1. Has the range 181-192 got any residue that is surrounded by 20 or more Cβ atoms within 10 Å (Cβ to Cβ), touching a residue at least 40 places away in the same chain (Cβ under 8 Å), in a loop (DSSP other than H, G, I, E, B) and not small (Gly, Ala, Ser)?
2. May I ask you to list the residues in the range 200-242 that are assigned to a helix (DSSP H, G or I) and either modelled with pLDDT under 95 or over 23 Å from the mean Cα position of the chain (by Cα) (or both)?
3. Anything in the range 153-180 that is out of contact with any Ser or Thr (no Cβ under 7 Å at 6 or more places or on another chain) and assigned to a strand (DSSP E or B)? List them, or say none.
Amino acid sequence: MAVAGNPHRNANILERFNDNELLKRYRLNRGGIMTVVELVRDAVTSPTNRNNPITAEIKVLTTLRYLATGKMQLCSADELHISQPSVSRILHQTINALCRPHIIRQFIRFPLDVRQLHRNNAHFMDIAGLPGVVGVIDGTHVRIIAPSEDEHAYVNRKKIHSINTQIVFDASYTILDIVAKWPGATHDSRILQESGLRLLFERHHVPAGCHLLGDSGYPCRTWLLTPYIHPHPGPQLNYNRAHKKTRSVVERGIGQMKRRFHVLHGEIRLTPEKASRIITVCAILHNLRMKMMMMMMTTTTTLMLLTKAEWLFTYKVDWHTGTSLSTYTLVMALREREICFDMKIDMFIIILLVIVII
């Protein structure tokens, strides 16, 4: 039972705000928030009810609010009414729970399935026609306070203390791989050389003919395509233009993630180890939100397609038989073509079909 004087113990934020307000404050809607709660509930729930412990829901909301704003003061002064020392403990507990290996693998994993790689390749081909591209890679710096140990190793080329984070996106801005542990002075090529991603390609776990795109800071490999430094007019210049246009996905993806989670925009005033975990959690939450958006778009588009198709086929006549086609006939046809009932269907095909039917 809630105790008076402890309003955060019974604060029902999920009921007070609608999905748009939750997205604005916590970067996830109700469904997304509850997904995170269930992921960490076993790790953050107090083993007893003594002293009226803070619930898993409130711990998750506190963590999301910090990641969205980058300010612990807003968490403690917010409607949750939690003291700043408690906020620090909650963040430590919840971030660690989300950084468990099985959760990271659930949301961030480089695809090895041939069909998924082909889909990735097709989506990148649509951008500028470059064949074989399955991901785009870049490094991004996240500022931190000067650490007490090895301080010089964290000073990047802009003379700012940072974590240099390697990140790979697919064409739909889903993160396929992230390495968020290297000091800011570390070069992008060194991070790649030491990464498991390189081993996936060089040990042929990724099929031949699949490539990443990287900027000129990376070495050119059979599986990593970089731009020509001094391109000649013609094919080389055309390649560079297509390369730049395609690789811009990673720049926009990084921008999306940093705008969504402002903690990555400012200076993380924690140790490098804790900052690294925060970056990883932001990547997990970014992918969770992208996944939920795609599911919502698929469901909405499917309903739109079926509704419009029902209307169309109510009045359309089969001119060969002179009879009206039933909704059942349409639905069976759609099922045969795996348009509406496969959640992995290409969204561009569905939208095109809606336009054609309209």
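1. No - not one qualifying residue is present in the range 181-192.
2. Pass one, the range 200-242, residues assigned to a helix (DSSP H, G or I): 200-202, 235-242.
Glu202, Pro235, Gln236, Leu237, Asn238, Tyr239, Asn240, Arg241, Ala242 - these are the residues of the range 200-242 that are assigned to a helix (DSSP H, G or I) and either modelled with pLDDT under 95 or over 23 Å from the mean Cα position of the chain (by Cα) (or both).
3. At the first step, the residues of the range 153-180 found to be out of contact with any Ser or Thr (no Cβ under 7 Å at 6 or more places or on another chain) are 153, 155, 157-162, 168-177.
Val155, His161, Ser162, Val168, Phe169, Ile175, Leu176, Asp177 - these are the residues of the range 153-180 that are out of contact with any Ser or Thr (no Cβ under 7 Å at 6 or more places or on another chain) and assigned to a strand (DSSP E or B).
This table checks each residue for (1) of a type in the set (A, V, I, L, M, F, W, C); (2) surrounded by fewer than 18 Cβ atoms within 10 Å (Cβ to Cβ); (3) in contact (Cβ under 8 Å) with a residue 24 or more places away in the chain.
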| residue | (1), (2), (3) |
| --- | --- |
| Gln84 | no, yes, no |
| Val87 | yes, no, yes |
| His92 | no, yes, yes |
| Ile108 | yes, no, yes |
| Asn120 | no, no, yes |
| Ile127 | yes, yes, yes |
| Leu130 | yes, no, yes |
| Val134 | yes, no, yes |
| Gly139 | no, no, yes |
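The values are calculated or read from the model by the stated rules, or taken from the named source; none is laboratory data. These numbers come from a predicted model, not from an experiment. Here Cβ is always computed from backbone atoms with ideal geometry, including for glycine, and neighbour counts include all displayed protein chains.
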